[in-house]
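The values are calculated or read from the model by the stated rules, or taken from the named source; none is laboratory data. Since we're looking at a predicted model, the values are computed, not measured. Because the Cβ atoms are built from the backbone with ideal geometry, glycine has one as well, and the counts that use them run over all protein chains shown.
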Amino acid sequence: MGPKKKKKASGKNKLSKAERLRIQKEEEERRLKEEEEARLQAQQEAAARLEKERLEREQRERLEAKDQERRESELAELHSLEEKFVSAEQWKTDYRAYAKWEHYIGCDGSPDPTVLQEINTFMSLWREDPNEDIRVVMEKGKEVLNLIEKLQFLLLDTPANEITEKETVQYQETILDLQNLLHQKYNGATEHLLKTDNMSEDSNSGNVQAVIKDKNVTLCIWANLKKNVRFKNHVFYDVRHGFDLPKSLAVNSVAIRIFHTHYDHVSPLWLQCQSAPKLKILESKEVTVDSKENVEEPEEEEQKPKEESSAPPEEEMHSDGVKSASSFEGSTHNIADINEKTEEEIEKKSEIFDILSQVQIPLMQAEISEKDEEITDENIVDLRQFVPVGGVYHIDVLQLPPRAKEIKNWSMVEVLDVGLEAYPYPPESEEPEDGTHPPIGITLKLSDNVIYFEEPVIARWDPAGKQWQTDGISNVTYEKDTGNVTFEMDAFYTIALLQDAHLNMPYQAWELHPTGTDELILTVTTAFAEVQIQVKEHQVMLSSIVVEQKDALSHLTGKWMTPVHLTVVLKKAGINIFPGAYSHSYVCVNKKAPLVEVRAYQQMALVASAFAFGWSKWNLESGEEQVVLKVSEHLQADSIKDGDWSLYMFDGQRAQKLKITEASEAFSEELEDDSEFHSTFYHMLKDFASSEAIDKVKKANFLFIDTVYQLLLATRVLTYS
């Protein structure tokens with residue numbers, strides 16, 4: 001039998017046409033119903049959103065109206081607090097007059113470097129002094145360095161209205177004259193040392209050498225008496241500097257000097273006296289408030305390296321032995337007739353805080369003409385970006401002068417009119433076969449009192465062009481572990497090791513928190529280091545610097561000084577957290593409107609005795625016209641927990657508490673529930689602060705407030721983080 005045939009599918013499995021139409025009709029009705037429901041829901045949501053926006057707008061308008069109603073009274077209360085800045089300025093003015101008077105009546109024999117007749121007499125007497133003993137010169141050099149430091153700090157420290165252009169030029173010229181005289185004296189001492197038998201002899205080579213040092217200089221001298229080509233290199237083991245000479249020098253009567261000055265008297269004076277940003281206060285008649293452009297400083301004013309400073313520390317202001325601030329406080333009646341101020345003058349000065357756009361911020365507003373300032377030669381070091389760190393090394397080859405001879409009981413030496421002479425290298429009269437002269441090998445042991453975060457740039461000083469250049473130096477090797485750097489030079493040069501001035505910018509984070517009555521700590525965290533600066537009343541102190549989880553620069557910690565003094569010593573040690581006039585050209589900054597930034601620093605300082613402040617990531621998202629920062633009331637010495645922080649936004653005219661936190665997914669200006677607008681940070685914080693905190697703010701010392709303000713202006717944490 002064959003296979004059975006399959007039966008055709010039954011018609012029962014097919015939908016009839018009517019059934020299909022019915023199903024399609026039901027689906028269409030369901031779709032229309034869903035669309036209608038979605039439309040109604042969208043309408044309801046839109047209506048609810050509009051209603052919410054209306055309520056929020058009405059609430060915002062009520063809050064703005066309320067803020068406007070009390071604005072005048074709040075600003076009046078703020079201005080009464082801001083009188084503390086005026087008191088601080090007056091105190092510092094009186095102190096400067098008092099310090100000058102104390103020097104005048106002290107009669108300690110030291111000249112006043114600001115009095116031209118006194119300083120010229122001092123220099124003339126030393127120039128004519130025949131004593132060239134190196135130890136005597138070093139001791140006198142301390143006094144000269146002290147005089148130079150006084151003038152440098154005067155240029156950094158003195159407000160523009162207390163120093164004339166003529167005085168500024170005079171101080172700068174005096175600094176240069178003192179620097180030149182000091183170097184001339186060290187040259188004379190070098191010649192005297194080479195002529196005498198005061199150097200130790202190397203038993204192997206028969207040559208003599210000496211290493212003489214103090215906290216300011218290290219002088220290394222080697223005299224090639226035997227002229228043996230086998231002894232063409234030498235290491236000064238006391239300091240681990242060394243050299244390797246070409247054969248032509250090893251067989252000649254030469255001396256090699258490595259003279260390390262721990263200061264820099266070579267770089268241009270503007271670099272040595274460069275200050276951190278400051279607030280320059282003008283009389284009201286000099287100011288208009290129509291636009292933000294009015295806060296810009298004339299170009300010539302931008303070049304003046306002066307900075308507002310806090311008062312000096314209790315023990316000493318600098319190494320010059322100026323009387324203590326506490327002594328000044330107990331003796332202010334002695335200078336009442338020296339610096340008398342009328343009530344009208346004080347009132348006029350206090351008017352500067354009525355409109356904060358009456359300020360000028362020369363270094364914060366610096367506009368650089370790239371066309372004029374651009375450096376096209378790649379061998380020239382841009383001193384706006386790189387700065388010498390660790391002093392200067394004067395590396396010289398010298399003609400060996402006639403040495404003293406002992407005849408019976410007499411020591412006789414030939415006196416030459418030319419003085420200390422450099423030995424020509426490379427020699428101009430000789431042409432080498434391959435077109436080049438052999439290089440000089442140099443090894444330098446870097447100072448332990450300086451931090452190099454990266455391999456330093458080695459540059460030579462070009463006296464003709466008055467600039468540092470990198471050509472003529474080759475085969476550089478930097479050993480970070482040992483602190484040694486070796487290189488070769490095609491001639492003898494004055495050498496500096498330069499570091500990028502902005503390695504520690506922008507900062508990764510910062511925090512400012514009180515630690516006691518009129519005390520606080522500012523912590524700045526950078527890519528390389530964590531720097532803690534303590535403020536106590538009118539002084540600052542470096543608490544710690546942690547680099548690679550180790551404490552560094554212990555010789556600087558624990559010493560009270562003025563804010564401007566701290567900026568100088570930290571920069572010299574390789575730690576720069578103080579933006580300068582050109583820093584914005586080399587750092588990716590979080591740009592903020594200058595007046596907003598200044599107002600924020602000022603009002604932060606006013607409440608810093610009871611409130612902690614910290615970096616917020618939302619400050620990057622808030623735009624140029626507003627700053628966002630973390631704030632927490634902080635009356636105890638314990639650490640601040642993440643949950644204790646609140647976010648506040650400030651635009652210079654209005655402060656508000658934000659609803660978002662650091663953990664929020666997006667930035668929002670939405671107000672915190674049950675919060676309001678206020679015209680000042682002080683009144684905004686007052687809404688949530690304890691009476692104890694507000695009482696502490698009102699009682700804060702005016703010098704403490706001013707010092708915190710100067711420190712915030714110097715670090716500019718709101719734009720360089």
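Here the range 547-589 is the region considered, the condition is being in a loop (DSSP other than H, G, I, E, B) and charged (D, E, K, R), and the residue that is modelled with the lowest pLDDT is Glu548. In the range 191-231, the residue that is surrounded by the most Cβ atoms within 10 Å (Cβ to Cβ) out of those that are of a type in the set (Gly, Ala, Ser) and touching a Lys or Arg at 6+ places or on another chain (Cβ under 9 Å) is Ala223. Inside the range 685-721, residues that are outside any helix (DSSP H, G or I) and among the β-branched types (Val, Ile, Thr) make up a count of 2. Of the residues that make up the range 667-684, is at least one free of Cβ contacts under 8 Å to residues at least 12 places away in the same chain, hydroxyl-bearing (Ser, Thr, Tyr), under 21 Å from Glu56 (Cα atoms) and assigned to a loop (DSSP other than H, G, I, E, B)? Looking through the range 667-684, at least one residue is free of Cβ contacts under 8 Å to residues at least 12 places away in the same chain, hydroxyl-bearing (Ser, Thr, Tyr), under 21 Å from Glu56 (Cα atoms) and assigned to a loop (DSSP other than H, G, I, E, B). If a residue has to be of a type in the set (Ser, Thr, Tyr), within 30 Å of Val531 (Cβ to Cβ) and assigned to a strand (DSSP E or B) to count, how many in the range 436-473 make the cut? Residues flagged as of a type in the set (Ser, Thr, Tyr), within 30 Å of Val531 (Cβ to Cβ) and assigned to a strand (DSSP E or B) within the range 436-473 amount to 0.
Every residue, every condition in (1) in contact with a helix residue (DSSP H, G or I) (Cβ under 7 Å, 6 or more places away or on another chain); (2) over 30 Å from Ala600 (Cα atoms); (3) surrounded by fewer than 16 Cβ atoms within 10 Å (Cβ to Cβ); (4) at pLDDT below 80, yes or no:
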| residue | (1), (2), (3), (4) |
| --- | --- |
| Ala65 | no, no, yes, yes |
| Arg71 | no, no, no, no |
| Glu102 | no, yes, no, yes |
| Gly106 | no, yes, yes, yes |
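Among the residues of the range 498-520, those that are part of a strand (DSSP E or B) and within 28 Å of Gln272 (Cα to Cα) comprise Leu498, Gln499, Asp500, Trp510.
Selection of the range 656-684 for residues being aliphatic (A, V, I, L, M) and closer than 25 Å to Thr515 by Cβ yields only Met684. When the residues of the range 640-666 are filtered to those that are part of a strand (DSSP E or B) and of a type outside the set (A, V, I, L, M), the one that is nearest to Glu597 (Cα to Cα) is Phe650.
Between Gln469, Gln499, Gln532, Gln508, the distinction of being in contact with a Pro (Cβ under 8 Å, 6 or more places away or on another chain) and either within 30 Å of Glu692 (Cβ to Cβ) or not β-branched (Val, Ile, Thr) (or both) belongs to Gln499 only.
Can you find a residue in the range 102-109 that is in a helix (DSSP H, G or I) and under 30 Å from Val708 (Cβ atoms)? Yes - at least one qualifying residue is present in the range 102-109. On the stretch given as the range 493-550, residues that are more than 30 Å from Thr443 (Cα to Cα), surrounded by fewer than 20 Cβ atoms within 10 Å (Cβ to Cβ), without any contact (Cβ under 8 Å) to a residue 60 or more places away in the chain and among the aliphatic types (A, V, I, L, M) total 2. If Trp270 passes every condition in (1) over 30 Å from Met123 (Cα atoms); (2) part of a helix (DSSP H, G or I) but one, which one does it miss? Checking Trp270 against (1) over 30 Å from Met123 (Cα atoms); (2) part of a helix (DSSP H, G or I), the one that fails is (1).
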